[in-house]
Amino acid sequence: MLPAANRLTRSQDFGLVVRRGRRAGRPRLVVHALVPTSPGVAPGTPVVVDATPAGRRTSAQPTSDVQSKVGFVVSKAVGNSVVRHRVSRRLRHVVRDRLPGLPPGSSLVVRALAPAATASSADLAADFDAALRRLLR
């Protein structure tokens, strides 16, 4: 099971990652990633105005406690509900093991393609790892 703190749940968050993030496609899945541009700052972090004696300056809030978030899209093109749920469970398991290696504050959307229906967990893991390596370089 993927911890609740690491799940993308809002439709707006999915749309943001897909629109503004980078994409890497593999035969069985596509990974969209929105990685913070500066270390410790999550994408879309509000800017804080800090009044100091030297004048006003702006800075982004640090996100040392912000965790990476992941969402999954498994459409009807993958198969019936039994197959779609099986693919979702396999993808959640693959991603859960790789959460600590993701940059803090990053957001991912993993979209399963039709060939994911017949893929093993090892195949899905290999595709996810290859897509993630491509996105994070």
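Quick notes on this structure:
- Subset of the range 1-35 [of a type in the set (D, E, K, R) and touching a Lys or Arg at 6+ places or on another chain (Cβ under 8 Å)]: ARG7, ASP13
- Counting the residues of the range 106-135 that are touching a residue at least 24 places away in the same chain (Cβ under 8 Å), assigned to a helix (DSSP H, G or I) and among the hydrophobic types (A, V, I, L, M, F, W, C) gives 10.
- The requirement of being modelled with pLDDT of 95 or more, within 13 Å of HIS32 (Cα to Cα) and among the hydrophobic types (A, V, I, L, M, F, W, C) is fulfilled nowhere in the range 118-126; no residue meets it.
- Conditions (1) assigned to a helix (DSSP H, G or I); (2) touching a residue at least 12 places away in the same chain (Cβ under 8 Å); (3) under 16 Å from ARG22 (Cα atoms); number of the one not met by GLY71: (1)
- Here VAL30 clears all of (1) at pLDDT 95 or above; (2) assigned to a strand (DSSP E or B); (3) farther than 23 Å from GLY15 by Cα except the condition numbered (3).
- Enumeration of residues in the range 82-137 that are among the β-branched types (Val, Ile, Thr) and either more than 22 Å from ARG19 (Cα to Cα) or surrounded by fewer than 21 Cβ atoms within 10 Å (Cβ to Cβ) (or both): VAL82, VAL83, VAL87, VAL94, THR118
The values are calculated or read from the model by the stated rules, or taken from the named source; none is laboratory data. Just so you know, these numbers come straight off a predicted model, no measurement behind them. Using ideal geometry, Cβ is built from the backbone for each residue, glycine included, and neighbour counts are taken over all protein chains shown.
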